[in-house]
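The structure appears below as structure tokens.
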Amino acid sequence: MECCSTGTPDPVKGRRNYTYMDAVRALLGPKHVLISGIMQYSMLWGIMIGFTITTAISTATIKRSACFHEKGANAKCKVSGNSYMLAFGALEILLSQFPNLEKVTFLSVISTLTSLAYALIALCLSIAKFSIQHEAKGTIKVAMAGEDLATSTKIWQVFQALGNIAFSYTYSMLLLEIQSPQAENKAMKRVTLYAIGGTALFYTSLGCMGYAAFGADVPGNYLTGFYKPLWLVDIANLAVIIHLIVGYQVFAQTIFAMNEKSLATRWQAHGSFFNKIYTVRLQCKQDYSFQFTPSRLLLRTGFVIFTTLVAMMFPFFNAILGLLGSISFWPLTVYFPLNMYMVQANIKRGDSTWIMFQVLSLLCLVVSLVSVIGSVAGMLEHLKHAQLFHINL
């Protein structure tokens, strides 16, 4: 939509909207900015939590694969993910201190390539597993699948899956920050169309093949269901780890920029210390210098530490992703974009387009509500068996 990729009031000659909140402020007014800001940055922070959990699971899976390779497929190889979460947090603290990391193009390239790599490997492994079985474990009669599961549990899991799908398609909160500076109203429309189309086809293929290969026992973290060939599974998990290490900073830098901009105005009186730029020089074969400010050092370090601790408290991969997706999907991906588009396109209340958008918004709201219920039910179920600050495979 033009309102999400260009300026206002004119999509070509209007004032440039650099962030999601700028677009909301310009088109819907200041009263909507606070709500959209809370939703946007809560979503970004939640994704960082999910990345921390997923990285620990993928790293522990590689460790467990090595155990299976050494002791056999039937060995009891339990691996704790706590140390991997701490290591991931320490690495992100270091990366967060680099200036202008969000402007390094190759990071986006690495993130895209690794994402494509592990998804392709997962799809190929599912196809291979299905071919060996000579039959589909899944059934069209989903309600009859998983006979050992209660009907209510199946319903909650279906609702939770809707939240996971919503999470996968919630990208609008970063769209304005990453858009092309050239012909935005046209270029970003094409990019969005191709990206959504390709992603939908790919995700559908993964979901169908995974269900055919595993049936009702398909794991929440797809790659944990495969053990052979070990080297290929390890490559896929390594790609996941690299993707999340890089992706973490993409979301974190947006939060850092907002917080530091806000605090810079409040700490002007203390500018002599908090906002002063210090330079550290390292003398090796070549001279290296590193610049930092106390505000960046303290804020970013504290934020990453807090995110890591929250991830260790609630290591529920699928339930957390479902909850994040369900909460943010309707307001960030449907309600605000649709209303911004209607304001910019001057669509009047009562028009056929306005009615169609209201029906679409209502349907998406229902999806968000039921997926919230399913995700909360999933978290409550996990709390019965899980221990805080303790993640095992």
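Could you check, for the range 233-250, whether at least one of its residues is crowded, with 18+ Cβ neighbours inside 10 Å, closer than 23 Å to Tyr41 by Cα and of a type in the set (S, T, N, Q)? Within the range 233-250, one or more residues are crowded, with 18+ Cβ neighbours inside 10 Å, closer than 23 Å to Tyr41 by Cα and of a type in the set (S, T, N, Q).
Residues of the range 251-265 being buried (at least 19 other Cβ atoms within 10 Å of the Cβ) and of a type in the set (Gly, Ala, Ser), which ones? Of everything in the range 251-265, just one residue is buried (at least 19 other Cβ atoms within 10 Å of the Cβ) and of a type in the set (Gly, Ala, Ser), namely Ala252. When residues in the range 163-196 are screened for being at pLDDT below 75, under 20 Å from the mean Cα position of the chain (by Cα) and not β-branched (Val, Ile, Thr), 14 of them pass.
Listed by first and then second residue, the pairs with beta-carbon distance under 8 Å, at least 6 apart or on different chains, first residue in the range 205-225 and closer than 18 Å to His382 by Cβ, second in a helix (DSSP H, G or I) and open to solvent by 30 Å² or more (accessible area, probe 1.4 Å), are Val218/Tyr211; Gly220/Phe317; Gly220/Asn318; Asn221/Phe317; Asn221/Asn318. When Ala26 is tested against (1) over 30 Å from Leu238 (Cβ atoms); (2) assigned to a helix (DSSP H, G or I); (3) touching a helix residue (DSSP H, G or I) at 6+ places or on another chain (Cβ under 7 Å), exactly one condition is not met: (3). I'd like to check something: does the range 215-230 contain any residue that is modelled with pLDDT under 75, in contact with a helix residue (DSSP H, G or I) (Cβ under 7 Å, 6 or more places away or on another chain) and not in a helix (DSSP H, G or I)? Yes: one or more hits. Restricted to the range 231-244, and to residues there that are of a type in the set (A, V, I, L, M) and in contact with a Ser or Thr (Cβ under 7 Å, 6 or more places away or on another chain), the residue that is modelled with the lowest pLDDT is Val233.
Residue-level check: of (1) under 26 Å from Gln249 (Cα atoms); (2) surrounded by 14 or more Cβ atoms within 10 Å (Cβ to Cβ); (3) at pLDDT 70 or above, Ala200 misses just (2).
Residue-by-condition table, conditions (1) open to solvent by 40 Å² or more (accessible area, probe 1.4 Å); (2) modelled with pLDDT of 85 or more; (3) under 21 Å from Gln253 (Cβ atoms):
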site	(1), (2), (3)
Asn74	yes, no, no
Ala90	yes, yes, yes
Ser96	no, yes, yes
Asn100	yes, no, yes
Ser126	no, yes, no
His134	yes, no, no
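The values are calculated or read from the model by the stated rules, or taken from the named source; none is laboratory data. All figures in this text were calculated on a predicted structure; none of them were measured in a lab. Cβ atoms come from the backbone with ideal geometry, glycine included; neighbour counts cover every protein chain shown. Each accessible area value is taken on the protein alone, full model and side chains, heavy atoms only, with ligands, DNA and RNA left out. Shrake-Rupley method; radii C 1.70, N 1.55, O 1.52, S 1.80 Å.
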